[in-house]
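Notes to accompany the following structure.
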Amino acid sequence: MGAHSDRALLLRRFPYGESSLVCHALTRASGRVHVLAKGAYRPSSRYYAALDLFDTLELEWSATAGRELGVLVAASIETRRAAIPRDLEAFRAATTALELAALGSHEGSADPALFDALERTLDSLAAGVGPQAALVEFELAFLHNLGLAPALSACASCGGVAPPLEQGSPADARVAFSASSGGRLCTACAIAARAAGRRVGTLPAAVLEQAAAILAGRTRANELPHEALERVRDFVARFLEVQLESRPASYRRFLSASNRNAARP
Ligand SMILES: [Zn+2]
């Protein structure tokens, strides 16, 4: 039996029996771990009232090879983020980030960059940063960490310059974009992608440039005007959906609106 301790963020928790909990946690050095917290609701337990979502915890647990569930030994709160569950929009955004982290993490496989990105996002939400801004920064970091960030400036296919399509005014400039090809495309690669049967659409160049600035840390998402932020988030959420090949439950509401980046007739 191995003893472990690590910083952790709970991803999910469910009741087990009369007084116990099963917790799925993202730890910084051990990846995702699943533990049984026996008697978690008893005031005498070593982790009573210490197993809330959104807080950074210090967990001690034991794991046995071949057993799916470890056993929680102790838990303490390192950073409490009580403000998140008090604000419905912040709560929804935090839940979305946890859902993505659960999808993008693996049992026993360390991913400190994912842990750090999730913790930063929860810090932002607890500090009152707008939910859309906090979430779009997390989504871009999440895609980048998986090696799936879209090509936003150069052509995804040939790496060359991918200038806007020549139509309309520069303010409305649009570029060829194909999620299944990995992002922005130059004219020649857009033609080749269409010929190969891939879906190629267009997106506003400004949206891609704003996303690139957020991804590179040159712009904070909460510095964008509301409409621009909604458009960047719409683009990132739809791209994420294609990459994950599913629509996470928490995206249904946001993406039920019509595409905010559709070409104007
Ligand atoms: Zn190209």
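All of the numbers you see were taken from the coordinates with simple rules; none came from a lab. These numbers were taken from a predicted model, which means no experiment stands behind them. FYI the Cβ positions are ideal-geometry reconstructions off the backbone, even for glycines, and counts take in every protein chain you see.
Computed over the alpha-carbon pairs of the range 2-128, the distance histogram in 10 Å steps reads 14, 47, 34, 6, 0 percent, short to long. Using the Karplus relation 6.51 cos²θ - 1.76 cosθ + 1.60 with θ = phi - 60°, the per-residue 3J(HN,Hα) values for the range 203-208 come to 9, x, 4, 4, 5, 5 Hz, with x marking Gly and Pro. Annotation for the range 83-147 versus the range 12-30: alpha-carbon center distance of 18 Å. Among 77-89, 170-182, 24-36, sorting by the average number of other beta carbon atoms lying within 10 angstrom of each residue, highest first, gives 24-36, 170-182, 77-89.
In terms of surrounding Cβ atoms within a 10 Å radius of their Cβ, L229, L9, L103 rank from fewest to most as L103, L229, L9. Taking other Cβ atoms within 10 Å as a rough exposure proxy, R92, R252 sort from fewest to most as R252, R92.
Cβ-Cβ distance of H106 and D172, R₀ of 41 Å, FRET efficiency by 1/(1 + (r/R0)^6): the value works out to about 0.45.
Mind checking the angle between helix 112-126 and the chain's longest principal axis? C-alpha axes, 0 to 90 degrees, to the nearest 10. For 112-126 against the chain, the angle is about 90 degrees.
Treating only the Cβ atoms of Lys and Arg (+1) and Asp and Glu (-1) as charged, compute the dipole magnitude of the chain about its Cα centre; round to the nearest 20 debye.
Once rounded to the nearest 20, the dipole reads 520 debye.
Applying 0.36 nm per residue to the separation of S153 and R220 and subtracting their alpha-carbon distance, the gain on full extension is 22.3 nm.
Cα convex hull of the range 133-265: mean projected area in nm², to one decimal?
The orientation-averaged projected area of the Cα hull of the range 133-265 comes to 8.3 nm².
With all pairs of separate Cα atoms included, the chain yields a Kirkwood hydrodynamic radius of 20.0 Å.
Put simply, the amide H of A29, placed in the peptide plane, has neighbours under 5 Å in R7, leaving out anything fewer than 5 places away on its chain. The phi-based Karplus calculation (6.51 cos²θ - 1.76 cosθ + 1.60; θ = phi - 60°) puts the 3J(HN,Hα) values of the range 242-259 at 5, 5, 7, 6, 7, 9, x, 3, 6, 9, 4, 5, 4, 8, 6, 6, 5, 4 Hz, whole numbers, x for Gly and Pro.
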